[in-house]
Amino acid sequence: MKIAIVCYPTFGGSGVVATELGIALANRGHDIHFVTYKQPVRLELLSERIHFHEVHVPEYPLFQYQPYELALSSKLVDTIKFFGIEVLHVHYAIPHAYAGYMAKKMLEEEGIHIPMITTLHGTDITLVGKHPFYKPAVTFSINKSDVVTSVSENLKQSTLNLFHIKKEINVIPNFIDKSKYNVENKECERSLMANDNERIVTHISNFRKVKRIADVIHIFKEIQDKMAAKLIMVGEGPEKEKAEILSETLGIKDKVIFLGNSNQVDRILCFSDLFLLPSETESFGLAALEAMMHRVPVISSNTGGIPEVNVEGVTGYMSNVGNVEEMALNAIKILKDDSVLNKFKDNAEKVAHKFDITNVLPLYEAVYEKAFKTYYKNSY
Ligand code: GMT
């Protein structure tokens, strides 16, 4: 099948999911066309079945805001026509579903009917999308999608609670491709980051407010009071500088390593002992799942879709948002004893297996097939 995928090309979870999905679909023989403003960070173009079409937005001084939606919908029209695309899959409702719908309408004028699948990822609903300035357009574009999917049951319920949705929402969880990482028997380079006697605690995110970065630092402060440990902070974002200052104020600056954005997340997780995700909300928590796949237990908050991923007392522990003391106590419980830590590591890997791409990809393929049969009419 010829599939166009629209996503954000950055380090955010939705872009990562869209990219990994496209790569996996190409490996299954589909032709994948990514349409976005920059080459997605996890995309390697070394496949004849993967194509990347860059959306250019010409700057014009009259515009205070350059019209990306307009450029994207025009690019979609051209790409869909030129390559005979059969299914359009947009990740993240804003503004992708809106631009996708406009492209659909323009194509209809030329007798081309293509189904649009919209995947809701989280902040497009729970943070940004529900803002009154966006809500009518988001509601409209979800209702106008031919198929809507959400990455967790919790996000589905939030969408139904926050918007007047007339469409069915199919839950297709996020996934990981275990075959890409040779986790077994892998030499992890612990010595790059810590001494032999130190536990390695990791946090990976876009360092936005919703991630509660200060909680990460406070939890780690308690941990390192009880045992030798290092904290590795991976990512970039508005809260990073405050976190750097906080770690200095708390006197733990030399134990906290800020790595910035990284394409080597698998190498970092390979030598991590614990992952911290104390977010305010999280529709799924892809970073936690990636950690679990690398045998890293998770200490997290219990909000949003996280309980669908992190299993209480099995793959880690969950606490109410902001309950830093409890999170720290649970972290210490896991880290202080090798046998306990190893049990949690085994469990994390086992549960993560449920989300392996081999189980999730067929769900997307089924959605494409159904949408294609129901809505596709071609007049190229
Ligand atoms: O906040 C982020 O982590 C980025 C954001 C995105 O859309 O790129 O992540 C959302 O989508 C991810 C992939 O589906 C989910 O795993 C994250 O939980 C979700 N983030 C939030 O809901 C805050």
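The numbers here are math on the coordinates, done by the rules we state, and not lab data. Nothing here was measured: the structure is a model prediction, and the numbers come from that model. Cβ: placed from backbone, ideal geometry, glycine included. Neighbour counts: every protein chain shown.
Residue separation of Leu127 and Ser179 scaled by 0.36 nm, minus their Cα-Cα distance, works out to 15.4 nm of gained length. For the chain, relative contact order (Cα pairs under 8 Å, six or more residues apart, normalised by length) works out to 15 percent.
Seen against the Cα atoms of the chain and their longest principal axis, helix 13-27 is set at about 70 degrees. When only the Cβ of Lys, Arg, Asp and Glu is charged (+1, +1, -1, -1), the dipole of the chain relative to its Cα centre reaches about 580 debye.
The label point for Lys166 and the one for Arg28, both projected 7 Å from the Cα toward the Cβ, are 3.1 nm apart.
If you build a Gaussian network model of the chain, linking Cα atoms that sit under 10 Å apart, which residue out of Gln157, Gln64, Gln264 swings the most? Among Gln157, Gln64, Gln264, the largest GNM mean-square fluctuation belongs to Gln64. Note on region 129-232: Rg/Rh from C-alpha atoms, Kirkwood Rh, equals 1.15.
The shape of region 41-200 comes out prolate: with a ≥ b ≥ c from the C-alpha gyration tensor, a/c is at least 1.5 and a/b beats b/c. Within a straight-line Cα-Cα reach of under 15 Å, Lys104 can be paired with the following aspartates and glutamates, leaving aside sequence neighbours fewer than 8 residues apart in one chain: Glu69, Asp78, Glu86, Asp146.
Listed from fewest to most Cβ neighbours within 10 Å, the set His56, His33, His353 follows the order His56, His353, His33.
To make sure I understand the rule: partners must be lysines, Cα under 17 Å from the Cα of Lys242, and not fewer than 8 residues away in the same chain. Which ones qualify? Within the straight-line cut-off, Lys242 pairs with Lys209, Lys211, Lys221, Lys253, Lys255.
With a/c under 1.5 counting as rounded, go ahead and sort region 209-251 into rounded, prolate or oblate using the C-alpha gyration tensor (a ≥ b ≥ c being the square roots of the eigenvalues; past the cut-off, prolate if a/b is larger than b/c, else oblate). Since a/c reaches 1.5 and a/b is larger than b/c, the shape of region 209-251 is classed as prolate.
Considering all C-alpha pairs of the chain, those separated by over 35 Å amount to 27%. Would you look at the GNM of the chain, springs on alpha carbons closer than 10 Å, and say which of Ala243, Ala328, Ala366 moves the most? Top of the fluctuation ranking is Ala366. To the nearest 10 degrees, how steep is helix 240-249 against the longest Cα principal axis of the chain, on a 0 to 90 scale? Between helix and principal axis, roughly 10 degrees. Compared with the dominant principal axis of the Cα atoms in the chain, helix 93-108 is inclined by about 20°.
Per-residue extension of 0.36 nm, minus the Cα-Cα distance of Asp254 and Val41, leaves a gain of 73.7 nm for this segment. Cβ crowding within 10 Å, taken as a proxy for footprinting-reagent exposure, orders Tyr68, Tyr317 from fewest neighbours to most as Tyr68, Tyr317.
Quickly estimate the mean residue ellipticity at 222 nm for the chain, helices only: each DSSP H run with n ≥ 4 gives -39500 (n - 2.57), and the total goes over all residues, rounded to 500. Spell out each step's value before the answer.
Details: 13 runs with 155 residues, N = 380.
Result for the chain, helices only: -12500 deg cm²/dmol.
With a Förster radius of 25 Å applied to the C-beta separation of Leu363 and Tyr68, the computed FRET efficiency comes to 0.25.
The phi torsions of region 319-327, fed into the Karplus equation with coefficients 6.51, -1.76 and 1.60 and a -60° offset, translate into couplings of 9, 4, 3, x, 7, 4, 4, 5, 4 Hz, rounded to whole numbers, with Gly and Pro shown as x.
Between the C-alpha center of region 144-207 and that of region 30-54 there is a gap of 21 Å.
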